[in-house]
Amino acid sequence: MTRRDFFGLTWRVLTAFTAGQAACIGLRFLASRKAEGSFGEVLIAGLSGDFPLETVTPFEQARFFLIRFADGGFLALSSTCPHLACVVGWDTARRRFACPCHGSEFERDGSVVNPPAPRPLDRFAVLIENDRVKVDTRQALRRTSVTPEDLVYAPTTPPPAPGAAPATLDSTAPGQPGPGYR
Ligand code: FES
């Protein structure tokens with residue numbers, strides 16, 4: 001093998017290895033997260049630091065999305081459409097949840113943007129213990145309206161002080177970075 005052949009082969013091996021690594025990282029980025037536990041239980045979604053601000057993280061098997069808002073608040077939304085129970089998805093481009101069956105759309109806080117959904121997306125209770133974010137999927141909590149009290153904060157992330165500007169649940173608020181989708 002000539003010196004030129006050796007370097008050519010080395011270059012090809014390194015390129016293939018790098019491409020493989022990039023593909024793995026990309027797949028991990030796109031994949032739904034796995035929770036410890038299953039639907040119908042209290043699941044451990046992860047540590048609070050696992051969820052960057054302004055992200056929507058799907059837990060497909062457990063049938064919910066974990067949303068982290070710009071102020072650090074957590075919200076777990078059921079992926080079951082309140083119209084006729086199809087599974088909603090997150091539309092990254094439109095920054096909305098969308099139902100493929102009859103076109104209902106929802107904001108990141110679950111409020112209805114487009115009917116026929118008769119009410120906001122149900123939520124699941126979120127508990128944060130020892131920095132672990134837990135989601136109680138034993139019971140979906142129906143909502144007739146959406147309020148900032150639906151958000152849960154890690155002890156190290158205090159809610160906004162009284163009198164401060166209210167935490168926005170509006171995904172289109174100016175000045176906020178766009179949400180990620182992991
Ligand atoms: S089931 Fe979602 S809009 Fe009908």
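The values are calculated or read from the model by the stated rules, or taken from the named source; none is laboratory data. All figures in this text were calculated on a predicted structure; none of them were measured in a lab. Heads up, the Cβs are rebuilt from the backbone with ideal geometry, glycines too, and the neighbour counts pull from every protein chain shown. Please note that ligands, DNA and RNA were not included when accessible areas were found on the heavy atoms of the full protein model with its side chains. Shrake-Rupley method; radii C 1.70, N 1.55, O 1.52, S 1.80 Å.
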(message) Checking S104 against (1) within 14 Å of P82 (Cα to Cα); (2) open to solvent by 70 Å² or more (accessible area, probe 1.4 Å): exactly one of these is not met. Which one?
(response) (2)
(request) For residues that are of a type in the set (A, V, I, L, M, F, W, C) and either surrounded by 22 or more Cβ atoms within 10 Å (Cβ to Cβ) or away from the ligand (no atom under 11 Å from the Cβ) (or both), scanning just the stretch 79-88, find the one that is farthest from the chain's Cα centre (by Cα). (result) C81
(request) Could you tell me whether any residue of the stretch 127-147 is under 13 Å from the mean Cα position of the chain (by Cα), buried (at least 23 other Cβ atoms within 10 Å of the Cβ) and assigned to a loop (DSSP other than H, G, I, E, B)? (result) no
(request) Working carefully through the options G37, G110, G72, find the one that is outside the structural domain of P155 (by TED's automatic domain parsing) and surrounded by 16 or more Cβ atoms within 10 Å (Cβ to Cβ). (result) G37
(message) I'd like to check something: does the stretch 28-43 contain any residue that is at positive phi and modelled with pLDDT of 95 or more?
(response) no
(message) Being in a loop (DSSP other than H, G, I, E, B), out of contact with any His (no Cβ under 8 Å at 6 or more places or on another chain), away from the ligand (no atom under 16 Å from the Cβ) and in contact (Cβ under 8 Å) with a residue 40 or more places away in the chain narrows it down to one residue among A45, A93, A62, A76; which is it?
(response) A62
(message) Given the criteria closer than 21 Å to S38 by Cβ, modelled with pLDDT of 95 or more, part of a loop (DSSP other than H, G, I, E, B) and not β-branched (V, I, T), does A70 qualify?
(response) no
